[in-house]
Amino acid sequence: MSILYSPARLGQLTLQNHLVMAPMTRNRAMNNVPNELMAEYYGQRASAGLIVTEGTSPSPNGLGYPRIPGIFSPEQVEGWRKVATAAHAGGAKIFVQLMHTGRIGHPLNLPAGARVLGPSAIQAAGEIYTDAEGMKPHPTPEPMSEADIKTAIAEFANAARNAVAAGCDGVELHAANGYLLEQFIRPTSNQRTDRYGGSIENRARFVIDVAQAVIAAIGADKAGIRLSPYGTFNDMPHYPEMEADYAYLAKRLNELGLVYVHLVDHSPMGAPPVPATIKETVRKLFKHTLILSGGYDAARAEKDLEEKACDLVAVGRPFLANPDLVARWTSGTALNDIDFSTFYTPGPKGYTDYPRL
């Protein structure tokens, strides 16, 4: 009997299978508002047990990329309500990924009055795309004051309340891939000298404070978190204390009682592989649901579930190109080819027009 396609528990929820649709930025939210096209996209993929949405900003300051959704205005909440309805109609549960881009952004992508913020005034290497002027170098972020930090924590909590008000089942805090929460964790992007910088206890404080505020707002059983130890995306280089720092984080997150940790391994996309020891350490220290993602096919997913390496398996790109992935995997049908050129372009092409069985 396959574990992958059997029902699973996640906190108080029963999922229709052990397969999670991983969060994937798709840049289809015109004016940063979720729309009918997005509802159709998620509805098509609702054979997943759990859908984790694309990164969604809790704040105008976190809208670093063009056409990414937010969840801080009434209009955005109504947009997410359509998405949640479509996902639930197909049997999936849905968590909104809360992603504040922090220093990864550009004033040309932000609404009027919003600011590019970070833990410290350290510019990320590389460039970012803007609809207005194409590729631009990352700007140097404005270092966050204690007041800015307090505001951001409140914004995350409010976004979590909004997600639940929109009918979604919970939220995932995006503390991975070089965005604001991870910018605080890493000593390469956080060189503060106050209580939010220095030791790992201090660098993890912002993430812990945000998680506590979200738990107070919606409950621990509706809050998960995504981590990317060894991830190098968005100028997050390796540093010697990485393994010990993430072990500390896993222990603290376990104490908070978050419903899951979602550990991402970007090695299939060219990043350094996440050592098995880190995955095992998180598995040992975090007693709730562990989701693993990174280059899974059906056979490897089944194997890791059987060996109890994790509780759920998340896949991204296979779901992107195969709205009916569960049906294709269960029947052994070939998968659609991915059109890389339409990952981030507006409109239905390469988004809702992939063929289904």
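For the residues Arg328, Arg283, the requirement of being charged (D, E, K, R) and more than 21 Å from the chain's Cα centre (by Cα) singles out Arg328.
Here Thr342 clears all of (1) free of Cβ contacts under 8 Å to residues at least 60 places away in the same chain; (2) farther than 26 Å from Asn27 by Cα; (3) among the β-branched types (Val, Ile, Thr) except the condition numbered (2).
Taking the criterion of being in contact with a strand residue (DSSP E or B) (Cβ under 8 Å, 6 or more places away or on another chain) and either in a loop (DSSP other than H, G, I, E, B) or open to solvent by less than 20 Å² (accessible area, probe 1.4 Å) (or both), the residues of segment 214-243 that qualify are Val214, Ala223, Gly224, Ile225, Arg226, Leu227, Ser228, Pro229, Gly231. Among the residues of segment 261-286, those identified as assigned to a loop (DSSP other than H, G, I, E, B) and farther than 22 Å from Glu172 by Cβ are Gly270, Pro272, Pro273, Pro275.
Scanning segment 141-150 for residues that are touching a residue at least 24 places away in the same chain (Cβ under 8 Å) and not charged (D, E, K, R) turns up Pro141, Pro143, Met144, Ile149. One residue stands out in segment 331-356 among those that are within 22 Å of Pro69 (Cα to Cα) and among the hydrophobic types (A, V, I, L, M, F, W, C): the one that is most open to solvent (accessible area, probe 1.4 Å), namely Phe340. As for segment 255-264, it holds no residue that is touching a residue at least 24 places away in the same chain (Cβ under 8 Å), open to solvent by less than 60 Å² (accessible area, probe 1.4 Å) and over 30 Å from Asn158 (Cα atoms).
Val164 passes every criterion in (1) under 21 Å from Gly231 (Cα atoms); (2) open to solvent by 10 Å² or more (accessible area, probe 1.4 Å); (3) not in a loop (DSSP other than H, G, I, E, B) apart from (1). Checked against (1) closer than 20 Å to Gly102 by Cα; (2) out of contact with any helix residue (DSSP H, G or I) (no Cβ under 6 Å at 6 or more places or on another chain); (3) not charged (D, E, K, R), Val33 meets all criteria but (2).
When Asp148, Asp209, Asp194 are checked against the criterion of being in a loop (DSSP other than H, G, I, E, B) and of a type in the set (Asp, Glu), Asp194 stands alone in meeting it. If the condition is being buried (at least 18 other Cβ atoms within 10 Å of the Cβ), closer than 16 Å to Val259 by Cβ and of a type in the set (D, E, K, R), then segment 272-294 contributes only Arg283.
Every listed requirement among (1) open to solvent by 50 Å² or more (accessible area, probe 1.4 Å); (2) assigned to a helix (DSSP H, G or I); (3) within 22 Å of Arg115 (Cβ to Cβ) is met by Ile153 save one, (1). Among the residues of segment 6-34, the ones that are over 17 Å from Leu263 (Cβ atoms) and in a loop (DSSP other than H, G, I, E, B) come to 13 in all.
Across segment 1-34, which residue is nearest to the chain's Cα centre (by Cα) among those that are open to solvent by less than 30 Å² (accessible area, probe 1.4 Å) and of a type in the set (Lys, Arg)? Selected residue: Arg26.
Taking strands (runs of 3 or more DSSP E) as the structural unit, those lying wholly within segment 49-137 and holding at least 1 residues that are open to solvent by less than 20 Å² (accessible area, probe 1.4 Å) and under 21 Å from Cys168 (Cα atoms) correspond to 50-56, 93-98.
The values are calculated or read from the model by the stated rules, or taken from the named source; none is laboratory data. Quick caveat, the model's predicted, so the values are computed rather than measured. Note that we place each Cβ from the backbone using ideal geometry, even for glycine, and neighbour counts take in every protein chain shown. For accessibility, only protein heavy atoms count, side chains too; no ligands or nucleic acids. Shrake-Rupley method; radii C 1.70, N 1.55, O 1.52, S 1.80 Å.
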